[in-house]
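First up is the structure itself, then whatever we jot down about it.
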Amino acid sequence: MTIKILETHSPMIATYPHHASLFSIIEDDPRALSWIFHNYLLLFLHHDEKGEYGIDFCSQYFPWHQLKFSSCPLILCRNYDTEILLKNSKLSDLIISLIDTESYVYFFRDIGNNNRHEVLVSGYDLSSQTFLCHDFWSDVFSEKWIPFNEIQTATTKVSHAEWAVDYLNGIWTLQKNPKYKNKDEFYYETVLNFNKEDLIHCLREYLGYDNNVRQVLKKDNRIVGIDIYDTMINMLEKQKNNPINLPFTPHPFQVLYEHKKLMAFAIENFIDTYTHLEKVKLLVEESKKLRNIVIYCNISLASNQVYKRYDSIIENIKILKNLESDLFNTLIEEYNNI
């Protein structure tokens, strides 16, 4: 076979490459949505004393804030030591053989100048000697054919950061789990059957009425749910008082936008949204507005105009928090009154 391409889809969650890669593999499976709701409706924040912070998605259950490849039951995930794998074979030959076994390949790619970035490989073309690679080409997670000789593993391991949630050393293979073709598997209903009660539980955990996840992650210096907004504001105030002429990190704001879209989708699936439709739409719109303000500020900086609108960003964070609190509390109260 001269060409082989494994199926992928445009991911609904794509801020970070590990989420985008996973979603591009499992999103077409109708059973995936329930697992996604269990694992992506909570948020957590990590930060340092300098005012730097990050936001990512958090699971309802262990391993809460860890890399989700190994905990996703819809795929078989394996991690291999790079040095052992490549001791007697070329990387290109290894990737081809893995794709032939229906395995997607994920690793840190050497992109030159001592830099690296995650890449998902889902196909090959022997005639053109290229791999079909998924990464943030032009800042958008998409696919691109890359020559074999330009695909090399990063030679150095990932450096530790205070907020690092996992390490991505070695080569990961991701394969769709054939067991989930059988609905009689004992864990099928319990793990994947997300329902309205689960949604309300997520909302209660998010607002702090339940503290199962919050108590655990607090020990790891993580902030969970609606509490992240106050910490974001504190971090931005620190940055404002010690300004540097660098762009805002856009990822936290993109995560917020993707989270509101997913939360709106969950609410639409399990709750009669007719009476709350405007509030749900407004929540998504405000998160998009907040993200766009950050993008605008960064574009202004890139054109050499020092224009970081801290006050506007902080004000919009407060608006988003209040909208979220009002909507989620209303949904919980209505559920309790049924």
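Values computed for the structure shown
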item	result
In segment 34-59, the residues that are in contact with a Phe, Trp or Tyr (Cβ under 9 Å, 6 or more places away or on another chain) and either assigned to a loop (DSSP other than H, G, I, E, B) or among the hydroxyl-bearing types (Ser, Thr, Tyr) (or both)	SER34, TYR40, LEU41, ASP48, GLU52, TYR53, SER59
Segment 107-134: number of residues that are part of a strand (DSSP E or B) and either modelled with pLDDT under 95 or of a type in the set (S, T, N, Q) (or both)	13
Pairs, first of a type in the set (Val, Ile, Thr) in segment 94-120, second surrounded by 12 or more Cβ atoms within 10 Å (Cβ to Cβ) and assigned to a loop (DSSP other than H, G, I, E, B), C-beta under 7 Å, six or more apart	ILE99/LEU6
Given (1) closer than 23 Å to GLY170 by Cα; (2) of a type in the set (Val, Ile, Thr); (3) modelled with pLDDT of 90 or more, index of the condition ILE55 fails	(1)
Segment 11-33, subset without any contact (Cβ under 8 Å) to a residue 60 or more places away in the chain and part of a loop (DSSP other than H, G, I, E, B), residue surrounded by the fewest Cβ atoms within 10 Å (Cβ to Cβ)	PRO30
Residue list for segment 81-97, filter: at pLDDT 85 or above and either in a loop (DSSP other than H, G, I, E, B) or not hydrophobic (A, V, I, L, M, F, W, C) (or both)	LYS90, SER92, ASP93, SER97
Unique residue being among the charged types (D, E, K, R), part of a helix (DSSP H, G or I) and closer than 29 Å to PHE37 by Cβ when the list is GLU286, GLU315	GLU286
Answer residue from segment 174-206, given it is within 23 Å of CYS58 (Cα to Cα) and charged (D, E, K, R) and is modelled with the lowest pLDDT among those	GLU189
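The values are calculated or read from the model by the stated rules, or taken from the named source; none is laboratory data. As the structure is a computational prediction, the values presented were derived from the model and not from experiment. Cβ coordinates were reconstructed from backbone atoms using ideal geometry, including for glycine residues, and neighbour counts include every protein chain displayed.
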